[in-house]
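Working notes, structure below.
What follows is calculated from the coordinates using simple rules that are stated; it is not laboratory data. Please read all numbers here as calculations on a predicted model, not as lab measurements. Every residue, glycine among them, receives a Cβ derived from its backbone with ideal geometry; neighbour counts consider all protein chains shown.
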Ligand SMILES: Cc1cc2nc3c(=O)[nH]c(=O)nc-3n(C[C@H](O)[C@H](O)[C@H](O)COP(=O)(O)OP(=O)(O)OC[C@H]3O[C@@H](n4cnc5c(N)ncnc54)[C@H](O)[C@@H]3O)c2cc1C
Ligand code: SF4
């Protein structure tokens, strides 16, 4: 009997007995010194085996956990039948960036946490299957342009080419609108290209997904800072855009504001990762981007950004890459997988530790960090136990490079140059979560610029929600104009 028929015909009980298929990965020792992708992806045989574990539930709980409503059992069912290209096309009906999501989405807290197989065994590896289908389609070169509605004559501008703007663009193009996307940087993708490192998300994957949207009709304008070259009001009044989506992200780094933070070789995680990723310091010596290649690199923070920074430090040649975090492993906001990978690669962790000040040599280059030990008190507003300093517990850590990865704030350029745009107290745009509508008619917003630093899939979900509302706004104003 052929493999696919055999798997489809298996009774549910038998399918439940199949263990979750592990992801092949590069060896930790080897990969900690190169920038190639860590997980190697499923083979077709592995993908069929894993897809067979899906029970194709009549009321699939996994979809409820997905902010972009991917038809999960449908695409997994197609993989189980060996119809890989069709699976990719099904994914793309609702998700413009499946190869990205399959790599970086926290499925363990979204679709996979609600998967019924997780009750008795491990959940279906939805993310890995998503990655497999999208990669298979790309490798075969069988990209399918979706059905696009006849032109509506409406022009829409997206400000910022991250996952929020790209998703909103993809949905509005399908509805027949003319979509222009304006990006401040010289490359599209937002954090996907300037933040998340090559070994987790190769640039070629992001570029292929952007190329797909361009092939669908999206017009991309790089090196264009909205707020400097055109304001939002100018886009509407002088450039004749009928609606605008602001997806400018949370690109302004936060600092601890402790003594010595301005010494040389102390970087924000944004600068550190941008120099290495977008400015290609990782391709040294082919690209001689200025960056300090330290031997003892300390990263402050416990999120995904801190894990990316610390793992990147090893790949840049650090002998010690040390994460300094003021709570314990349990409270770390980074994905389990990222922490696990960092540990495997040799990243060292100093938990319950907070930096107090930095010292430098005669040239102003950082040499050590004075720290204090912490203990956990009562839970704070985030629900996590508040770290409290232990008096008299100060000690020093020697270091020659520091990366501060304690969070990002709203990108201020558009808010500062758009009169009438309502903001919240943190400087994020105040937008309706159900529609993305802002205080200015025709102007919508979503992603990190609204929520503060969050996730790729949440930004994409916000882009989707806004696209729906913008379409209604654009078609309603059309009806009003013709009656
Ligand atoms: C290092 C790092 C690792 C991460 N890892 C993960 C992960 O593993 N999984 C996950 O789900 N999330 C992760 N995140 C978070 C995730 O990347 C973000 O939540 C997501 O990218 C937000 O999307 P966005 O479209 O709102 O903004 P962004 O991705 O920030 O994109 C905004 C874009 O707008 C552009 N822009 C800003 N101002 C202007 C302007 N005035 N004019 C024109 N363009 C402008 C910016 O240059 C940028 O390209 C990570 C974040 C970082 C920093
Ligand atoms: S909940 Fe799990 S088993 Fe059910 S359809 Fe979704 S992925 Fe398949």
Query raised in the report: Once Rh is set to the Kirkwood radius over Cα pairs, what Stokes-Einstein translational diffusion coefficient, in µm²/s, holds for segment 253-408 at a temperature of 20 °C and a viscosity of 1.002 mPa s?
Result: 136 µm²/s
Query raised in the report: Over all Cα pairs of segment 3-140, how is the pair count split among 10 Å bins, expressed in % and running from 0 up to the last occupied bin?
Result: 13, 45, 33, 9, 1
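So, by mean Cβ neighbours within 10 angstrom, what's the order for 437-443, 260-266, 447-453 with the highest one leading? It would help to have the intermediate numbers written out before the result.
On the way: 437-443: 18.9, 260-266: 17.1, 447-453: 24.7.
By packing density, highest mean first, the sequence is 447-453, 437-443, 260-266.
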Query raised in the report: To the nearest Å, what is the center-to-center distance of segment 313-390 and segment 47-79, using C-alpha atoms only?
Result: 38 Å
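Where does segment 423-466 land on Rg(C-alpha)/(2.2 N^0.38 Å)?
Values: Rg = 9.6 Å, N = 44, 2.2 N^0.38 = 9.3 Å.
Expressed relative to 2.2 N^0.38 Å, the Cα Rg reads 1.04.
Can you give me the relative contact order of the chain as a percent, contacts being Cα pairs under 8 Å and 6 or more apart?
Values: 1008 pairs, mean separation 72.9, N = 483.
Relative contact order, the chain: 15 percent.
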Query raised in the report: For the pair residue 186 and residue 114, how long in nm is the line joining their label points, each one 7 Å along Cα→Cβ?
Result: 4.3 nm
Query raised in the report: Could you state the principal axis extents of the C-alpha atoms in the chain, from the largest down, to the nearest angstrom?
Result: 71, 65, 50
